[in-house]
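Following: one structure in structure tokens, then a few remarks.
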Amino acid sequence: MALIGSVFSGIKSVPRMLFGTRNDRLLKRMRRTVEVARGLEPQIRVLCAEGDDYDAAFARRAAALPAPDPADEKAVKEHRAKLQQIRVELSVPLKERAQALSQRLRSVPTTYEEMGEAFAILREASRRAQAHRHFDCQIIGGTVLADGKVAEMRTGEGKTIVCHLAAFLKALEGKKVHVVTVNDYLVKRDAEFAEPVFELVGYRVGYIQSQIDPGGREGVRKAMYDCDITYGTASEFGFDYLRDNMKVR
């Protein structure tokens, strides 16, 4: 009986050896996104309003700004805003590339090729705005999320920027995006981190917290929901949904 069992076990393992496990096959398909993003990276990295290398142009214009006093918080904040404005101005071709892709995605089904291009654009925006370039494994994580599946990642593996990829793709498709996290502190932190990244590609980021316009009477929440991407907690999204659907006028 043991011999027969081992024979059957060997027979069952043959397809797995030839074709791989289901997980192997899924990852093989998803790596197509990585390949496309990697192939497009050199041409997307040089997209710059001044017609030359982006990094050189940014360094040249940033060097012309007077350095702020580190002890003056207001001056430091204004300096950061000026640097971001330089990034926005230099990244107009990157934004135009995103707009052209968005037009295509609204008329044809999204394939791994279009997904790879979207991720390459967002990867470059993240590199410019926050000096965070997505690793290939994070591109795969973004592909999993964009496919409507669950991606499990450990602490330190970059969940904060992985969700940017799927959020950007859905925004390109013309959909409103809600990013759900666990508490108000992370809502604000993650939204503020994402805002300069998405600004480079022409999308607005907002967030809602429990203590901000809780009844929705001041118009703050509506303005945040009018953004392309809105961060919040599950409870806030849930209660706002209930408020909207329980009102009689």
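The values are calculated or read from the model by the stated rules, or taken from the named source; none is laboratory data. Quick caveat, the model's predicted, so the values are computed rather than measured. A quick note on method: Cβ atoms are made from the backbone with ideal geometry, for glycine too, and the neighbour counts reach across all protein chains shown. Surface accessibility is based on the protein's heavy atoms, side chains included, excluding ligands, DNA and RNA. Shrake-Rupley method; radii C 1.70, N 1.55, O 1.52, S 1.80 Å.
Scanning the range 208-224 for residues that are in contact (Cβ under 8 Å) with a residue 24 or more places away in the chain and either open to solvent by 50 Å² or more (accessible area, probe 1.4 Å) or touching a Lys or Arg at 6+ places or on another chain (Cβ under 6 Å) (or both) returns I208, Q211.
Can you pull out the residues in the range 60-75 that are aliphatic (A, V, I, L, M), part of a helix (DSSP H, G or I) and surrounded by 11 or more Cβ atoms within 10 Å (Cβ to Cβ)? Talk me through it step by step, then tell me what you get.
Let us first name the residues in the range 60-75 that are aliphatic (A, V, I, L, M), namely 62-65, 67, 71, 75.
Among the residues that remain, those that are also part of a helix (DSSP H, G or I) are: 62-63, 75.
Selection gives A62, A75.
Based on this model, can you work out whether K82 counts as modelled with pLDDT under 95, closer than 24 Å to R128 by Cα, among the basic types (K, R) and out of contact with any Phe, Trp or Tyr (no Cβ under 8 Å at 6 or more places or on another chain)? Considered against the rule, which asks whether it is modelled with pLDDT under 95, closer than 24 Å to R128 by Cα, among the basic types (K, R) and out of contact with any Phe, Trp or Tyr (no Cβ under 8 Å at 6 or more places or on another chain), K82 comes out as no.
When A151, A167, A129 are checked against the criterion of being of a type in the set (G, A, S) and within 10 Å of the chain's Cα centre (by Cα), A167 stands alone in meeting it. Among the residues of the range 88-105, is any buried (at least 21 other Cβ atoms within 10 Å of the Cβ), touching a Cys at 6+ places or on another chain (Cβ under 8 Å) and hydroxyl-bearing (S, T, Y)? Yes, the conditions are met somewhere in the range 88-105. Taking the criterion of being among the polar types (S, T, N, Q) and crowded, with 20+ Cβ neighbours inside 10 Å, the residues of the range 110-151 that qualify are S126, Q138, T143. Of the residues making up the range 152-172, at least one is more than 18 Å from R31 (Cβ to Cβ), among the basic types (K, R), open to solvent by 40 Å² or more (accessible area, probe 1.4 Å) and part of a helix (DSSP H, G or I). Looking at the structure I just gave you, is G51 surrounded by fewer than 11 Cβ atoms within 10 Å (Cβ to Cβ) and of a type outside the set (D, E, K, R)? The answer is yes for G51.
Consider A56 carefully, then state whether it is in a loop (DSSP other than H, G, I, E, B) and not hydroxyl-bearing (S, T, Y).
Here the answer is no, as A56 does not meet what is asked.
Before we move on, is F198 open to solvent by 40 Å² or more (accessible area, probe 1.4 Å) and within 25 Å of E41 (Cβ to Cβ)? For F198, the condition - open to solvent by 40 Å² or more (accessible area, probe 1.4 Å) and within 25 Å of E41 (Cβ to Cβ) - is not met. Set side by side, the residues E173, E152 differ, and just one is acidic (D, E) and either touching a residue at least 12 places away in the same chain (Cβ under 8 Å) or touching a His at 6+ places or on another chain (Cβ under 8 Å) (or both), which is E173.
Which ones in the range 32-41 are over 13 Å from I121 (Cα atoms) and either buried (at least 16 other Cβ atoms within 10 Å of the Cβ) or of a type in the set (D, E) (or both)? First the steps, then the outcome.
Taking the range 32-41 as the starting set, the residues that turn out to be over 13 Å from I121 (Cα atoms) are 32, 35.
Within the range 32-41, E35 is the sole residue that qualifies.
Within the set V182, V144, the sole residue that is closer than 22 Å to S235 by Cβ, at pLDDT below 95 and out of contact with any Gly (no Cβ under 9 Å at 6 or more places or on another chain) turns out to be V182. L83 meets the stated requirement of being open to solvent by less than 40 Å² (accessible area, probe 1.4 Å) and not small (G, A, S).
Condition check ((1) under 25 Å from K159 (Cβ atoms); (2) free of Cβ contacts under 8 Å to residues at least 12 places away in the same chain; (3) out of contact with any strand residue (DSSP E or B) (no Cβ under 6 Å at 6 or more places or on another chain); (4) in a helix (DSSP H, G or I)) across all residues:
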residue	(1), (2), (3), (4)
P93	no, no, yes, yes
R97	no, no, yes, yes
L101	yes, no, yes, yes
S107	no, yes, yes, no
E114	yes, no, yes, yes
R128	yes, no, yes, yes
R133	yes, yes, yes, no
